[in-house]
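Quick note: the coordinates plus some simple rules give every number you see, no bench work behind them. All values derive from a computational prediction rather than experimental measurement. For neighbour counting, all protein chains shown are included, and Cβ atoms are generated from backbone atoms with ideal geometry for every residue, glycine included.
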Amino acid sequence: MSQRLEQAIWIERYFIFISIPYSLMVAAAAYRLEPKWLRYSWIVLIFLWSLYAGIKDMGTNRMAWEGAQMGSRVPWEDLTQQLIAAEADNSGPINVYTLTVISKGLRTGDWASSTSLYYFLDSYGIDKIHFVYAKDVQALLKRSPVENHFWIAFFELAESPQRYPAVALEENGYRVGDPIAFQAMYNRIVLLPVWRK
């Protein structure tokens, strides 16, 4: 059902409370095993498996790039400072079009980037930068932005390869500058400056 709706109904973090009774059931089952060597073998196996799974998941940083947690480990303040520096000479207003991405049944990416960047822009007292939702670069091009200069914020995820937006923009008469980006493993958050030719 979550795959058919715009927003997921089941999200892993909503069910974290299940881990405690599940662990208790597994421990009780292992404790009832006979003979003792089999019981202790299973207890050691369960412990080692749990330890391995926890270390592996922390090492991959997977959760920071999926679903509701998307963008949770991005250094948003650094990206915001770079955006402010890039637009220091521009009095504004400046639109940042945030593109969405589907991850684990959630339509996200646009929300993560706009709220995180806005938070730090507000803390620096910058109000010339505004965020506008765009489903994807094609929807943005159909809207045909009227400003001569704007930015696009988007996630590039290893799990959902997509065409780099700069290609479509350049094919439609825009000039694209050097991106501001943060990369972790195979995933990136990109802020891309765009001008009309």
Exposure-ranked with fewest Cβ neighbours within 10 Å first, 32, 188, 143 stand as 32, 143, 188
Other-chain or far-sequence residues with amide H under 5 Å of residue 129's (modelled H) | 94
Here the equivalent ellipsoid of region 12-60, derived from its Cα gyration tensor, has semi-axes (largest first, whole Å) of 24, 16, 4
Please list, in chain and number order, the residues 5+ apart from residue 98 or on another chain whose amide H is under 5 Å from its amide H, with Hs placed from the backbone.
-> 132, 133, 134, 153
